[in-house]
Amino acid sequence: STSTSDFVKKLYKMLSDPTLQSIVAWGPHGDCFVVKDPHEFTKSILPRLFKHANFASFVRQLNKYDFHKVKNTEGEFGEHSWVFRHPDFHADQRAALENIKRKVPAARKTHTTPPPMSSRPLSTPTTSSLHSEIDRLTQAQDELSAHVRNLERNYHDVLVEMVGFQRNMAQQDGLMQGLIQY
């Protein structure tokens with residue numbers, strides 16, 4: 001018999017925990033899961049269940065198991081939420097979890113010699129610094145998007161006020177013309 005990976009088991013167990021529903025939960029049909037609050041998820045859940053606090057690493061791990069990010073249509077689950085799906089990952093199909101396997105990287109099918117030890121440490125800080133830079137840029141983009149939406153709302157409000165102001169001016173003008181002609 002085949003066994004389910006620890007990562008997939010932890011994922012399923014995490015989604016079964018009712019105390020975490022406000023942060024991460026199954027989608028309404030149980031065919032996807034939603035990280036509703038990535039910040040809180042990264043701060044409190046990742047370190048406790050996955051022994052790290054890097055959302056990008058969590059997403060990479062999901063990708064390795066062939067989970068796919070689903071477009072959050074019309075912000076259905078909240079503006080900052082992330083939705084993930086896998087054809088064999090369902091709330092009511094625990095038995096199907098064993099079908100979820102880690103993808104085999106295509107490039108590693110040929111036996112290659114590992115790089116010499118001296119070159120290895122260079123890649124690790126570079127990778128982690130790139131991931132933290134990606135996280136920082138993603139957060140900055142989210143903040144800018146929220147700022148633009150706020151500016152659009154303000155612009156709309158100003159336009160509404162200006163139309164009202166113009167209407168009042170036209171009425172006052174009419175009133176003045178009437179007084180002058182009187």
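The values are calculated or read from the model by the stated rules, or taken from the named source; none is laboratory data. Being a predicted model, the structure only gives us computed values, none of them experimental. Reconstructed Cβ throughout: ideal geometry from the backbone, glycine too, with neighbour counts over all protein chains shown. Only protein heavy atoms, including side chains, enter the accessible area calculation; ligands, DNA and RNA are left aside. Shrake-Rupley method; radii C 1.70, N 1.55, O 1.52, S 1.80 Å.
Below, the figures for the structure above:
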read-out: Enumeration of residues in the stretch 87-103 that are among the hydrophobic types (A, V, I, L, M, F, W, C) and touching a residue at least 40 places away in the same chain (Cβ under 8 Å); value: Phe89, Ala91, Leu97, Ile100
read-out: The stretch 1-27 - residue that is in a loop (DSSP other than H, G, I, E, B) and farther than 17 Å from Glu79 by Cα and, of those, farthest from the chain's Cα centre (by Cα); value: Ser1
read-out: Some residue of the stretch 44-64 being surrounded by 13 or more Cβ atoms within 10 Å (Cβ to Cβ), within 15 Å of the chain's Cα centre (by Cα), part of a strand (DSSP E or B) and not aliphatic (A, V, I, L, M); value: no
read-out: Filter result (outside any loop (DSSP other than H, G, I, E, B), more than 20 Å from Phe33 (Cβ to Cβ) and either open to solvent by less than 70 Å² (accessible area, probe 1.4 Å) or at pLDDT 90 or above (or both)) within the stretch 96-127; value: Ser119, Ser123, Thr127
read-out: Output for the stretch 67-95, where each listed residue is open to solvent by 60 Å² or more (accessible area, probe 1.4 Å) and in a loop (DSSP other than H, G, I, E, B); value: Lys71, Glu76, Glu79, His80, Pro87, Asp92, Gln93
read-out: The stretch 8-29: number of residues that are touching a residue at least 60 places away in the same chain (Cβ under 8 Å) and not aliphatic (A, V, I, L, M); value: 3
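Yes/no matrix, rows are residues, columns are (1) among the aliphatic types (A, V, I, L, M); (2) open to solvent by less than 70 Å² (accessible area, probe 1.4 Å); (3) in contact with a Leu (Cβ under 8 Å, 6 or more places away or on another chain):
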{"position": "Thr138", "(1), (2), (3)": "no, yes, no"}
{"position": "Glu143", "(1), (2), (3)": "no, no, no"}
{"position": "His147", "(1), (2), (3)": "no, no, no"}
{"position": "Asn150", "(1), (2), (3)": "no, yes, no"}
{"position": "His156", "(1), (2), (3)": "no, no, no"}
{"position": "Val160", "(1), (2), (3)": "yes, no, no"}
{"position": "Leu175", "(1), (2), (3)": "yes, no, no"}
{"position": "Gln181", "(1), (2), (3)": "no, no, no"}
